[in-house]
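Before any comments, here is the structure.
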Amino acid sequence: MLNEPVHTIMTRELVTVGPEDSLSTVRRTFMNNSLHHLPVIEGRKLVGIMTTYDLWKNEIAPENYASAKVKQIMNTNIAKICPNDKIGTAAQVFLTNKFHALPVVDDDNNLLGIVTSFDVLLYQYKREYPKPILFKHLYEDKNIESRQRATY
């Protein structure tokens, strides 16, 4: 069941930031979009990733976020996955490293999407329970449904 390619469940419509963006922008983006992971790109190239934990754990005071840059605290040692890698591979990376998101990139490191531990869990849930039981709203979310049907 986890042998399908990760591109079948990845999110393609991404919210991203650049290395020169301020931490104020990042904080606002996290809050306004209910996200926990933001790929950092230059052009289309993935250069880093920011998490809510990175924003919280850094030593920059929130009152200085306007002048602090993403490049000061972004992670540049990034685990990533290719679109044709298996969903099971993503699950193994999540379990082994306690990650919750993996950027999906092509051979030139261009960002194509992101897959999260929630995407894998939802994929498995929907395979086991094709008709909604309790969580009908998960089946009504057009974004999730479109990700399930999307082709690479």
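The values are calculated or read from the model by the stated rules, or taken from the named source; none is laboratory data. Keep in mind that this is a model prediction, so the values were computed, not measured. Ideal geometry is used to build each Cβ from the backbone, glycine not excepted, and the neighbour counts take in all protein chains shown.
Restricting attention to segment 28-57, the residues being over 21 Å from VAL105 (Cβ atoms) and surrounded by 15 or more Cβ atoms within 10 Å (Cβ to Cβ) number 3. Residue under question is VAL104, and the condition is that it be crowded, with 16+ Cβ neighbours inside 10 Å, touching a Gly at 6+ places or on another chain (Cβ under 7 Å) and at pLDDT 95 or above; does it hold? So VAL104 fits the description; yes. Can you confirm whether segment 87-98 contains a residue that is part of a strand (DSSP E or B), at pLDDT 95 or above and either among the aliphatic types (A, V, I, L, M) or surrounded by 12 or more Cβ atoms within 10 Å (Cβ to Cβ) (or both)? No, there is no match, as no residue in segment 87-98 is part of a strand (DSSP E or B), at pLDDT 95 or above and either among the aliphatic types (A, V, I, L, M) or surrounded by 12 or more Cβ atoms within 10 Å (Cβ to Cβ) (or both). Being within 12 Å of the chain's Cα centre (by Cα) and assigned to a strand (DSSP E or B) holds for only one residue in VAL47, VAL40, and it is VAL40.
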